[in-house]
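Enquirer: Mind having a look at this structure? Questions to follow.
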Ligand code: PMP
């Protein structure tokens, strides 16, 4: 690869001309990635990294079939969707085929944020209401309209103020959330109902305020909030509350869709519900910006009945549609959903094994190639091991494996690799993580042993400290 400039110059220019607020991995020592193949990315010096976090490169970085489809269509025509084009209607037909009835009408857009913004607009027009129920820690996009329903950003000290029409429900997190399992010794189904009842309460609140409920928006498995798998029956009961209050249900499948969960094409199917509006994006173009909203004929008609035509310059352009069709081809031809199931189960089982070997691992959860490993400094109190998680990410990078962390406490290691990820990759990931966690165990044991050694034992409170430190040391061992 011929660089246009040395890495130091790229950093200098970025600092000068790109907004400092723009996110960057490993800011103090950023990576310069120059090409990718399948589940691997390469830096400017040719160093290869195993990519365990890029769920956009769904069928693998630079898949030749996808690249060719884009290149071919680009050389024919790229125009807007006010003209007829076969790729657009074929894509709509194929997407709809993967959805349950009555989800059968598509709108094509360019990003997940745009898809969610349009979903909200459709919901408002259809219900003639404004209030939205969202989940705590949720992220639905960077547009102003989406930041307003994204506690992931609203909760930040410098974040914007939550509008009064937004209602925040607790995340259905059975490990760290409001209701937990097995601490509260409730069945999973019961926990699902309890979390759904929280949404029910907000529906009643919105109704008593006179506004009523417009929409409930949620990822079917919450990725930005820390790889959360909601308890069984959660969405079923939640959708019931929302619909009884006259609202519509929006499923944000921007991260978790297109077969990632292994058993189904869409994550909402794992909860046995049918949303009124589904938004899809990221993996849809394998790196090319294309996204969509899929809804019911009834909701689409409410939109059309306004008489305000919808136009989106790039949404549904022939190049994007050709690329999205090629992505669907690869998912089908390479049976990537089945692969996500097989490799995902292996990854999950191996991560479960880590729980027995390292007290830092508090919880392991996932579905298909969507896996979270939550680190804690104490399993009983479930205290988030935030600093340790940061250390792990950096150490894994040194080992040429890219993972990320998330959750309100930034202590959940996140795996959502391209779907071409294999058993060997999963083994390499877990074996390396095992080693890195062992280093941390070693460091913690030395620290605790030192504390035990230096603690004077002749005053009562120190005896308590000594006892608790010894217990911790034993647990860690
Ligand atoms: N919804 C979810 C769940 C997301 O994770 C994201 C992006 N991280 C978006 C919406 C917004 O998508 P985009 O960045 O393509 O606008």
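The values are calculated or read from the model by the stated rules, or taken from the named source; none is laboratory data. Quantities reported herein were computed from a predicted structural model and do not represent experimental measurements. We place every Cβ from the backbone using ideal geometry, glycine too, and count neighbours over all the protein chains shown.
Enquirer: Any residue that is in a helix (DSSP H, G or I), touching a residue at least 24 places away in the same chain (Cβ under 8 Å) and surrounded by 24 or more Cβ atoms within 10 Å (Cβ to Cβ) - is there at least one of those in region 207-218?
Expert: Taking region 207-218 and keeping what is in a helix (DSSP H, G or I), we get 207-208.
When the remaining residues are screened for being touching a residue at least 24 places away in the same chain (Cβ under 8 Å), the result is 207.
Right, trim to surrounded by 24 or more Cβ atoms within 10 Å (Cβ to Cβ) and you get none.
No, that holds for no residue.
Enquirer: Please find, among 273, 261, the residue that is in contact (Cβ under 8 Å) with a residue 12 or more places away in the chain and within 18 Å of the chain's Cα centre (by Cα). Steps first, please.
Expert: On the way: 273 fails: within 18 Å of the chain's Cα centre (by Cα).
Unique residue meeting the criteria: 261.
Enquirer: Determine which single condition residue 140 fails, assuming it passes every other condition in (1) part of a loop (DSSP other than H, G, I, E, B); (2) within 15 Å of the ligand (Cβ to nearest atom); (3) free of Cβ contacts under 8 Å to residues at least 40 places away in the same chain.
Expert: (3)
Enquirer: So, one more: Among the helices (runs of 4 or more DSSP H) lying completely within region 289-391, list those that include at least 1 residues that are within 16 Å of the ligand (Cβ to nearest atom). Write out each step before concluding.
Expert: Numbers: elements: 297-305, 318-333, 336-357.
Helices (runs of 4 or more DSSP H) meeting the threshold: 318-333.
Enquirer: Would you check if residue 152 is in contact (Cβ under 8 Å) with a residue 60 or more places away in the chain, within 11 Å of the ligand (Cβ to nearest atom) and assigned to a helix (DSSP H, G or I)? Walk me through it before giving the result.
Expert: Numbers: in contact (Cβ under 8 Å) with a residue 60 or more places away in the chain: yes; within 11 Å of the ligand (Cβ to nearest atom): yes; assigned to a helix (DSSP H, G or I): yes.
Yes; evaluated as a whole, the condition is true for this residue.
Enquirer: Are there any helices (runs of 4 or more DSSP H) wholly within region 51-131 with 3 or more residues that are more than 27 Å from residue 306 (Cβ to Cβ), and if so which? Give the steps one after another, and end with the answer.
Expert: On the way: elements: 64-76, 86-97, 112-127.
The qualifying helices (runs of 4 or more DSSP H) are 64-76, 86-97.
Enquirer: Do we have residue 232 as away from the ligand (no atom under 12 Å from the Cβ), assigned by TED's automatic domain parsing to the domain that holds residue 174 and in a loop (DSSP other than H, G, I, E, B) here?
Expert: Details: away from the ligand (no atom under 12 Å from the Cβ): yes; assigned by TED's automatic domain parsing to the domain that holds residue 174: yes; in a loop (DSSP other than H, G, I, E, B): yes.
The answer is yes for residue 232.
Enquirer: May I pose another question? Determine if region 83-91 includes at least one residue that is under 21 Å from residue 256 (Cβ atoms) and within 23 Å of the chain's Cα centre (by Cα).
Expert: From region 83-91, those under 21 Å from residue 256 (Cβ atoms) are 91; that's our starting set.
Narrowing further to those that are within 23 Å of the chain's Cα centre (by Cα): none.
Looking for residues that are under 21 Å from residue 256 (Cβ atoms) and within 23 Å of the chain's Cα centre (by Cα), one finds none in region 83-91, hence no.
Enquirer: Next question. Does residue 100 count as outside the structural domain of residue 267 (by TED's automatic domain parsing), touching a residue at least 12 places away in the same chain (Cβ under 8 Å) and in contact with a helix residue (DSSP H, G or I) (Cβ under 9 Å, 6 or more places away or on another chain)? So that I can check it myself, show each step before the final result.
Expert: Details: outside the structural domain of residue 267 (by TED's automatic domain parsing): no; touching a residue at least 12 places away in the same chain (Cβ under 8 Å): yes; in contact with a helix residue (DSSP H, G or I) (Cβ under 9 Å, 6 or more places away or on another chain): yes.
Here the answer is no, as residue 100 does not meet what is asked.
Enquirer: When residues of region 57-80 are filtered for being buried (at least 19 other Cβ atoms within 10 Å of the Cβ) and touching a helix residue (DSSP H, G or I) at 6+ places or on another chain (Cβ under 7 Å), how many remain? First the steps, then the outcome.
Expert: Taking region 57-80 and keeping what is buried (at least 19 other Cβ atoms within 10 Å of the Cβ), we get 57-61, 63, 66, 69-70, 73.
Adding the requirement that they be touching a helix residue (DSSP H, G or I) at 6+ places or on another chain (Cβ under 7 Å) leaves 58-59, 63, 66, 69-70, 73.
Total satisfying the criteria: 7.
Let's see how each residue does on (1) without any contact (Cβ under 8 Å) to a residue 40 or more places away in the chain; (2) within 21 Å of residue 103 (Cβ to Cβ); (3) within 16 Å of the ligand (Cβ to nearest atom); (4) surrounded by fewer than 24 Cβ atoms within 10 Å (Cβ to Cβ):
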| position | (1), (2), (3), (4) |
| --- | --- |
| 163 | yes, no, no, yes |
| 174 | no, no, no, no |
| 205 | yes, no, no, yes |
| 221 | no, yes, yes, no |
| 248 | no, yes, no, no |
| 256 | no, yes, yes, no |
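Enquirer: Within region 258-284, track down each residue that is within 11 Å of the ligand (Cβ to nearest atom) and in a loop (DSSP other than H, G, I, E, B). Spell out the reasoning first.
Expert: First, pick out the residues of region 258-284 that are within 11 Å of the ligand (Cβ to nearest atom): 267, 279-284.
Matches in region 258-284: 281 only.
Enquirer: Taking the condition farther than 30 Å from residue 126 by Cα and surrounded by fewer than 19 Cβ atoms within 10 Å (Cβ to Cβ), does residue 309 pass? Break it down stepwise before answering.
Expert: Numbers: farther than 30 Å from residue 126 by Cα: no; surrounded by fewer than 19 Cβ atoms within 10 Å (Cβ to Cβ): yes.
No; evaluated as a whole, the condition is false for this residue.
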